Amino acid sequence: MYHTCLRIVIYNADAEDILQDAFMEAFNSLGKIKNADAFGGWLKRIVINKSINHVKRHQKNWLELEETDLADQPDEQAIDELDFKNKLDAIVEALNELPEKYRVVINLHIFEQMSFEEVAGMMNVPSATVRSRYLRGKQKILEGISVKLK
């Protein structure tokens, strides 16, 4: 649940606060759930809704990067790992730099495996809007990666 929230809001402290609020809301509303087997999905929906609401309220892009130390003289396999890490870092950075409207759609569709219609329902926008935001977001990520990897 934490990673679901973190992918949407990006900032660790916000994700922790939202997750705590979601658990409190779920605990206070336990009597409302009719099917105990659906608890996980119900809680995940609360976390996603609270995360989206947070992004809408704050309208800020948070960017958090970690730097890692690399060996001074990498061997041949380490070079492949370094290349992979650089490409992965470029993708993560490009995703984190997206405007919220694109980032949220891409995270929900790709990482949470939600359909465009489900995302549209959660964000209260038409599914065509979700599809166009998804395509534009992918395009911006690809453009960002090509710039960073040159």
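For residue 134, the accessible area of its heavy atoms, probed at 1.4 Å with every protein chain present, is near 30 square angstrom. Legend: residues 129, 4, sorted from most to least accessible area (1.4 Å probe; ligands, DNA and RNA excluded), read 129, 4.
Heavy-atom accessible surface of residue 56, to the nearest 10 Å², is about 90 Å², with a 1.4 Å probe and all protein chains retained.
In this structure region 84-150 gives 56 Å² per residue of accessible area when probed at 1.4 Å with all protein chains present.
The values are calculated or read from the model by the stated rules, or taken from the named source; none is laboratory data. What you are looking at is a predicted structure, and each value in this text was computed from that prediction instead of being measured. Surface accessibility is based on the protein's heavy atoms, side chains included, excluding ligands, DNA and RNA. Shrake-Rupley method; radii C 1.70, N 1.55, O 1.52, S 1.80 Å.
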